[in-house]
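A short worksheet on the structure shown next.
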Amino acid sequence: MPGSPLEAVALHREQDGTLLDPHTAAVELLNIIRPTVAIAWFAVFAAHALHRQPGGLDQLRDGGPAHARAFAHEVRRFYPFVPFIGGAAAHDLSLAGHQIAGGTLLLLDVYGHHHDPELWERPYHFDAGRFLRHEPGRDALIPQGGGDARTGHRCPGEDLTLSLLAALSPALADLDFAVPRQDLSIPLSRIPTRPRSGFVIDVAGRPGSRRARRFQPPV
Ligand code: HEM
């Protein structure tokens with residue numbers, strides 16, 4: 001398709017005029033697909049949050065960009081999409097009183113950090129309002145890694161993720177859909193995780209129609 005990412009990759013020429021080899025072209029395409037799918041999973045969690053707390057729908061519809069951004073932050077804090085991040089210690093080091101040999105596998109407990117009652121008020125309560133009161137500190141909210149994206153282990157796509165999620169969530173709140181009975185439990189043994197059924201919806205109307213949404217009781 002003209003102008004598509006597929007066309008851009010397929011026709012891309014290196015400085016010496018050669019096309020990309022098939023492996024590199026495939027990796028480039030996967031580099032587009034993988035993060036796009038990752039954001040779609042966050043959108044599923046956004047739908048899950050709205051389903052569990054329909055009271056948040058009006059806030060999201062009427063709260064403007066600040067509320068949408070706060071909601072996107074809270075989705076990324078609350079849900080265990082990336083429950084931990086692993087990495088090998090680059091050299092011998094001392095961390096919080098522990099001696100760690102270079103090469104040791106370290107796991108950053110992202111889910112634990114996001115639900116630590118010393119860091120978050122009522123951590124198991126979904127509350128977008130907590131991010132309306134203040135923007136999170138750099139290493140307080142770490143669903144996509146911590147530190148500085150330019151020098152450390154933070155996802156360089158985080159701003160894009162946040163912007164897309166903040167744009168998608170109000171659109172979702174405006175969509176007239178029903179949620180058929182399904183298994184919306186979220187297994188913590190799966191990484192990355194998502195609701196067992198995905199999130200199946202029955203779209204009944206057009207965006208913006210704002211008809212009363214028909215919810216099945218959560219299962
Ligand atoms: C649900 C959305 C996403 C999540 C949860 C996520 C999470 C992460 C995490 C945990 C890392 C590893 C950081 C590290 O340990 O070094 C990472 C790296 C990366 N992410 Fe994301 N990401 C998401 C979306 C995106 C998007 C939308 C893009 C691009 C537009 C992107 C591009 C990258 C790249 C290029 C790296 C590698 C950075 C490097 O190694 O220097 N990510 N991401």
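The values are calculated or read from the model by the stated rules, or taken from the named source; none is laboratory data. Remember, predicted model here, so these are calculated numbers, not experimental data. Here Cβ is always computed from backbone atoms with ideal geometry, including for glycine, and neighbour counts include all displayed protein chains. The area values use the complete protein model at the heavy-atom level, side chains included, leaving out ligands, DNA and RNA. Shrake-Rupley method; radii C 1.70, N 1.55, O 1.52, S 1.80 Å.
Kindly indicate which of Leu50, Leu29, Leu11, Leu19 is open to solvent by less than 60 Å² (accessible area, probe 1.4 Å) and farther than 20 Å from Tyr124 by Cβ.
Unique residue meeting the criteria: Leu29.
Residues that are at pLDDT 90 or above, loosely packed, with under 14 Cβ neighbours inside 10 Å and in contact with a His (Cβ under 9 Å, 6 or more places away or on another chain): does segment 60-71 have at least one?
Among the residues of segment 60-71, not one is at pLDDT 90 or above, loosely packed, with under 14 Cβ neighbours inside 10 Å and in contact with a His (Cβ under 9 Å, 6 or more places away or on another chain), which makes the answer no.
Any chance segment 98-114 includes a residue that's in a strand (DSSP E or B), open to solvent by 50 Å² or more (accessible area, probe 1.4 Å) and either under 30 Å from Ala173 (Cβ atoms) or away from the ligand (no atom under 15 Å from the Cβ) (or both)?
yes
Please find, among Asp116, Asp109, the residue that is touching a strand residue (DSSP E or B) at 6+ places or on another chain (Cβ under 7 Å) and charged (D, E, K, R).
So the residue among Asp116, Asp109 that is touching a strand residue (DSSP E or B) at 6+ places or on another chain (Cβ under 7 Å) and charged (D, E, K, R) is Asp109.
Identify, please: which residue in segment 148-187 is more than 16 Å from the ligand (Cβ to nearest atom) and open to solvent by 60 Å² or more (accessible area, probe 1.4 Å) and is, among those, farthest from the chain's Cα centre (by Cα)?
The residue in question is Arg181.
Just one of (1) open to solvent by less than 60 Å² (accessible area, probe 1.4 Å); (2) charged (D, E, K, R); (3) within 11 Å of the ligand (Cβ to nearest atom) trips up Arg34, so point out which.
Here Arg34 meets the rest and fails (1).
State which residue pairs qualify: first residue free of Cβ contacts under 8 Å to residues at least 40 places away in the same chain and inside segment 143-160, second residue open to solvent by 50 Å² or more (accessible area, probe 1.4 Å) and within 9 Å of the ligand (Cβ to nearest atom) in any location, beta carbons under 6 Å apart, and separation of 6 or more residues or different chains.
Sorted first by the residue in segment 143-160, then by its partner, the pairs are Gly147/His153; Ala149/Pro156.
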